[in-house]
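Structure first, then comments.
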Amino acid sequence: GGEVRFDHVRFGYDPEREILHDVSFTVPAGRTLAIVGPSGAGKSTIARILFRFYDIQSGQVSIDGQNIASVTQASLRAAIGIVPQDMVLFNDTVGYNIGYGREGASQAEIEAAAKAASIHDFILGLPMGYDTRVGERGLKLSGGEKQRVAIARTLLKDPPVLVLDEATSALDSRTENEIQDVLRNIARKRTTLIVAHRLSTVVDADEIIVLDQGRIVERGRHADLVRAD
Ligand code: ADP
Ligand code: ADP
């Protein structure tokens, strides 16, 4: 499962000022859609609507054919995982930070998620238990390592739908490349929505929509859009 569909979505934070104008797209289960566009275009708003932080004014958003307006917050949270730009880590262990969001996860599951997220050897080398304090270690965690913890937290939830919200834009380019490899691996198995500024970072998405001032102004694969430039 995991098909995501926006159908003629109209939305404004203030009903007097519409931000998204008639936005429609479908991400088939297991595919990757990238949402690209300048700052203020409405990309994050699309992600927030998918999480139902806000209700839309008209149209419909559905996951696997089910209108998200009629599913519980709990099942929505289970269906969608997000890797944000800047994950907030708790002043607690790496294990706690990964396990947060999936109550009762076993040590072995946490370690497996850490491994899948390619968490740096020095973290894996530590006992992943609750005595590995991010409060002590956190000062030594690089941006890339924090992002790996964020990815592991999301992986442990194993959501059918993944949202990468400018997941690497805060990183230097070498770290960005490393994290991109990890993200591509985990995106392969599930529906993925990528929010990005630049076309060049989403070369292999199945579809790209270009958003400008709340409207989809172009859509296609990377090669089509580059040709149109
Ligand atoms: P992007 O992610 O493409 O940079 P956003 O979705 O964050 O764009 O913003 C789209 C528009 O919505 C912008 O005009 C922005 O000012 C406005 N906006 C974003 N968040 C809010 C909010 N919480 N309240 C009111 N307006 C908002
Ligand atoms: P930008 O620099 O354009 O704003 P970001 O780095 O903020 O882009 O966010 C887009 C992220 O999604 C990048 O890390 C990018 O590598 C990653 N990404 C691109 N294509 C895929 C894909 N097919 N699967 C998973 N992640 C991808």
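The values are calculated or read from the model by the stated rules, or taken from the named source; none is laboratory data. Just so it is clear, the model here is predicted, and its values are computed rather than measured. Using ideal geometry, Cβ is built from the backbone for each residue, glycine included, and neighbour counts are taken over all protein chains shown. Calculation scope for accessible area: heavy atoms of the full protein, side chains included, ligands and nucleic acids excluded. Shrake-Rupley method; radii C 1.70, N 1.55, O 1.52, S 1.80 Å.
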- Those helices of the chain passing the 15 Å axial Cα length cut-off and the mean Kyte-Doolittle cut-off of -1.0 (DSSP H runs only) are 143-157, 173-187
- Note on the structure: Within the range 33-66, the residues whose backbone N lies under 17 Å from a label point placed 7 Å from the Cα of VAL203 along the Cα-to-Cβ direction are 34
- Have a look at VAL161, VAL23, VAL61 and tell me which one the Gaussian network model of the chain (Cα, springs below 10 Å) gives the largest fluctuation. VAL23
- If one computes the Cα centroid of the range 18-64 and of the range 160-227, what distance in Å separates the two points? 14
- Task: Only helical DSSP H runs with n ≥ 4 go in: add -39500 (n - 2.57) per run for the chain, normalise by residue count and round the 222 nm mean residue ellipticity to 500 deg cm²/dmol.
- Result: -9000 deg cm²/dmol
- Task: With a point put 7 Å past each Cα toward its Cβ, work out how far GLU18 is from ASN91 in nm, to one decimal.
- Result: 4.7
- Note on the structure: In whole percent, the fraction of accessible protein surface over the range 28-79 that belongs to carbon or sulfur atoms, probe radius 1.4 Å, stands at 49
- Query: ASP224 to ALA29: extension gain in nm, 0.36 nm per residue of separation minus the Cα-Cα distance?
  - Reply: 68.0 nm
- Query: Straight-line reach from LYS115: which aspartates and glutamates have a Cα under 15 Å away, not including same-chain ones fewer than 8 places off?
  - Reply: GLU145, ASP158, GLU178, ASP181
- Message: If the only charges are +1 at each Lys and Arg Cβ and -1 at each Asp and Glu Cβ, what is the size of the charge dipole of the chain around the Cα centre, to the nearest 20 debye?
- Response: 220
- GNM result for the chain, Cα springs below 10 Å: residue of ALA105, ALA113, ALA150 fluctuating most strongly: ALA105
- Message: Starting from the 7 Å offset along Cα-to-Cβ, what nm value, one decimal, do you get for the label separation of ASN67 and PHE53?
- Response: 2.4
- Message: Accessible area per residue for the chain in Å², computed with a 1.4 Å probe and the full protein assembly in place, what is it?
- Response: 50
